[in-house]
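Notes follow the structure.
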Amino acid sequence: MEIEADHLLDEVEMLLEGGVGIDSIFVDLLAPAARKLGEFWEADACDFVDVTMGLWRLQEVMRELAMRAPPVSQALLQSPTALFAPLPGEQHGFGALMLQEVFSRNGWNSDVLLEPRKGDLLGAVAETGYDLLGLTISCDCPSDALSDLIAAIRGVSRNPSLQIFVGGNMINARPCIANEIGADGTAPDARSAVVLAEAKILGSRPFGQVTF
């Protein structure tokens, strides 16, 4: 956690020069590093400031890579739409940013909300008919509260067929929670989430290629 973002970027550039793809850097390097920070926090091996600074450095690396190699435009195709956000009340949005970037690179028209209030989230799905909403849940939250939130989202969604995926540390520890709270699916990482979303939402309709 003491390494600065530019030093991390130097290490990543060496991997890229060795033939590792940007999507793999996101999913197989940056995302596990973020999860490890969460494990340190849960084990009281670091404090909130350490976690925040560590995630900020990872986020800076991700943004720099995204700027260097932006997603290929899918303007001529009817791209599916997705919105990603952390659970209202959570301050860390690295997971949502990661999902937004990976889905964009796989042909989705995706948006992200950071540090949303419940009203922000409900307003977004009421205004735009997203195909998919992905919520990242890092901290423990009562199942009843999550069920109520998902029910509220469905109640106002402009798209009555909106698919809601949940993920993050809490869900990864107990994937069965996704079904219990009324979500449509969960995946352990962004790569798996893209595959699941294509299967559930797009079916056999081609629109692009998964690039992993």
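The values are calculated or read from the model by the stated rules, or taken from the named source; none is laboratory data. Because the structure is a prediction, the values reported are computed rather than measured. All Cβ positions, glycine included, derive from the backbone under ideal geometry; neighbour counts span all protein chains shown.
Side notes on the structure shown:
Yes/no per residue for (1) modelled with pLDDT of 80 or more; (2) more than 22 Å from Leu114 (Cβ to Cβ); (3) of a type in the set (A, V, I, L, M, F, W, C):
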| site | (1), (2), (3) |
| --- | --- |
| Ile3 | no, yes, yes |
| Glu11 | no, yes, no |
| Leu30 | no, no, yes |
| Lys36 | no, no, no |
| Asp44 | no, yes, no |
| Gly54 | no, no, no |
| Pro71 | no, no, no |
| Pro86 | yes, no, no |
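- The stretch 100-124, subset surrounded by 22 or more Cβ atoms within 10 Å (Cβ to Cβ) and within 20 Å of Ser161 (Cβ to Cβ), residue modelled with the highest pLDDT: Leu121
- Close Cβ contacts (under 7 Å, 6 or more residues apart or on different chains) running from residues in the stretch 183-212 that are surrounded by fewer than 21 Cβ atoms within 10 Å (Cβ to Cβ) to residues that are assigned to a strand (DSSP E or B) and modelled with pLDDT under 50 are absent.
- Residue match in the stretch 76-94 (condition: farther than 27 Å from Leu58 by Cβ, touching a residue at least 40 places away in the same chain (Cβ under 8 Å), touching a Pro at 6+ places or on another chain (Cβ under 9 Å) and not hydrophobic (A, V, I, L, M, F, W, C)): no
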